[in-house]
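> Okay, handing you the structure first.
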Amino acid sequence: MKMRLVDIQQHVGGELFGDANTLVGGVNSLELAIPGEIAFAESDKYLTVAEQSNASIIIVPKSFPELDGKNILKVDKPKEIFIGIMMLFDDSGVTLTGIHPSAAIAEKNVSIAKSAGIAAHVFIQENVTIGANSTIDSNTHIAHDVVIGEHCRIGPNVTILSKVTLGHNVTIHAGTVIGGEGFGYFWDGQQQKKVPQLGGVIIEDNVEIGCNVCIDRATFGMTRIGKGTKIDNLVQIAHNNDIGEHCIIVSHVGLSGSVTLGNRVTLAGQVGIADHITMGDGSTAAARTGISKDVQPNQVVWGAPNRPIKQVMREMASIPKLPALLGQVKNILKRLSDVEKKLSGLD
């Protein structure tokens, strides 16, 4: 797809300088862009790079100087506008219409909107509802009693087990499992006995879930992922977790059972959270934090066990000083020993 610069300006606004009829067909960085592509410069510090860029048009802030011989579009928020333009040229989405002949769909109580798309070898059990404009990619398994809202995009090889409800505009990437059994056992004196997992999972609107994520169903009630939350690849979310709205959960994070995250919580890579922990609204856990106690709202924690990040940074800054400090302590102990010997001699 190619667009004229004037058409892009009409879509995103701003003030255009240069040839309004120039055609562009893609987006790229300032350094890598070639003729026919759009790039952006977030501030004046990228002026030199912008002057050397081969991009056909550069999105810049309104304070940016004009560039001789280059097309520029001045806007209030160049990064935000550029992301919107990226979406115009994003052709990575699955385009599916109708139901592939190889899909296996139960005959009882299955409702699939006419505008939905079902790809090859999809398996759908009874009591399933799939909303308008949602797409289910190939080899995906949809168990009984599942509701999928409108404009959802389910990738290939996804497994959605029973009692799962997806809101609208939910994206689930390849290989993810939603509604697997929670990890619940108890010791009866001789062996581990399984605790039945009878609940379900609710995924609210505008959630995006990466590849190979596991979200377990609740023992009772629901495991919940709040609206607008974004989950990276390779994340484990255990039974009865209650994840708030607009959270960010980065790859290799593991949440034990019955964890509660407030709204706008950020978990960096490889964070681990013990069971029954609560993190308040706006809190953050830095990479590799081991959380064993509750985190207060807007607090930033690090380390294992989790402590305020400034405290951990002071502790880490002290570590290189330990060898010299140890030498000083040894010297003080030796001098103290010499003094004690002299005092003993006086007796």
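> Thinking of the stretch 81-121 as a set of Cα atoms, what percent of all their pairs are more than 15 Å apart?
Tail of P(r) above 15 Å: 59 percent of Cα pairs.
> Counting other Cβ atoms within 10 Å of each Cβ, which chymotrypsin sites (Phe, Trp or Tyr not before Pro) in the stretch 171-235 have at most 13 and sit in a DSSP loop?
Filter output for the stretch 171-235: PHE220.
> Same structure, new question: Which trypsin sites (Lys or Arg not before Pro) in the stretch 1-63 pass both tests, a DSSP loop state and at most 11 other beta-carbon atoms within 10 Å?
LYS2, LYS62
> Helix-only estimate, please: 222 nm mean residue ellipticity of the chain, summing -39500 (n - 2.57) across DSSP H runs of length 4 or more and dividing by its residues, to the nearest 500.
-5500 deg cm²/dmol
> Please provide three numbers in whole Å: the alpha-carbon extents of the stretch 182-336 along the principal axes, with the largest listed first.
Largest to smallest, the principal-axis extents are 69, 45, 26 Å.
> Measure out, as a whole number of angstrom, how far apart the alpha-carbon centroids of the stretch 133-181 and the stretch 284-347 sit.
Between the Cα centre of the stretch 133-181 and that of the stretch 284-347, the gap is 50 Å.
> The list (i) 1.02; (ii) 0.96; (iii) 1.39 gives values of Cα Rg over 2.2 N^0.38 Å, and only one came from this structure; which label was calculated from it?
Computing Cα Rg over 2.2 N^0.38 Å and matching it to (i) 1.02; (ii) 0.96; (iii) 1.39 gives (iii).
> Ranked from the most accessible area to the least, with a 1.4 Å probe and all protein chains present, what is the order of MET87, MET222, MET3?
Largest accessible area first, the residues go MET87, MET222, MET3.
> For the chain, what's the relative contact order in percent, using C-alpha pairs closer than 8 Å and at least 6 residues apart?
6
> Within the P(r) computed for the stretch 19-70, what percentage of the Cα pairs occupies the region above 13 Å?
Result: 51 percent of Cα pairs exceed 13 Å.
> Can you compute log10 of I(q)/I(0) for the stretch 124-241 with the Debye formula, treating each Cα as one identical point scatterer, at q = 0.09, 0.10, 0.12, 0.21 Å⁻¹?
Results for the stretch 124-241 at q = 0.09, 0.10, 0.12, 0.21 Å⁻¹ read -0.23, -0.28, -0.40, -1.11.
> Compute log10 of I(q)/I(0) for the stretch 144-187 with the Debye formula, placing one identical point scatterer on every Cα and leaving out solvent, at q = 0.20, 0.31 Å⁻¹, to two decimals.
-0.65, -1.18
> Sequence gap of 8 or more, or different chains, plus Cα separation below 19 Å: how many lysine pairs satisfy both in the stretch 276-346?
So the count works out to 6.
> Next up: At most 12 other Cβ atoms within 10 Å and a DSSP loop assignment: could you name the GluC sites (Glu not before Pro) in the stretch 76-184 that fit?
Those that pass, being in a loop and sparsely packed, are GLU107.
The values are calculated or read from the model by the stated rules, or taken from the named source; none is laboratory data. Keep in mind that what you see is a predicted model, and the values were worked out from it rather than measured. Positions of Cβ are generated from backbone atoms using ideal geometry, with glycine treated the same way; all protein chains shown enter the neighbour counts. Ligands, DNA and RNA are stripped out before the accessible areas are found, and what is left, the full protein with its side chains, is counted by its heavy atoms. Shrake-Rupley method; radii C 1.70, N 1.55, O 1.52, S 1.80 Å.
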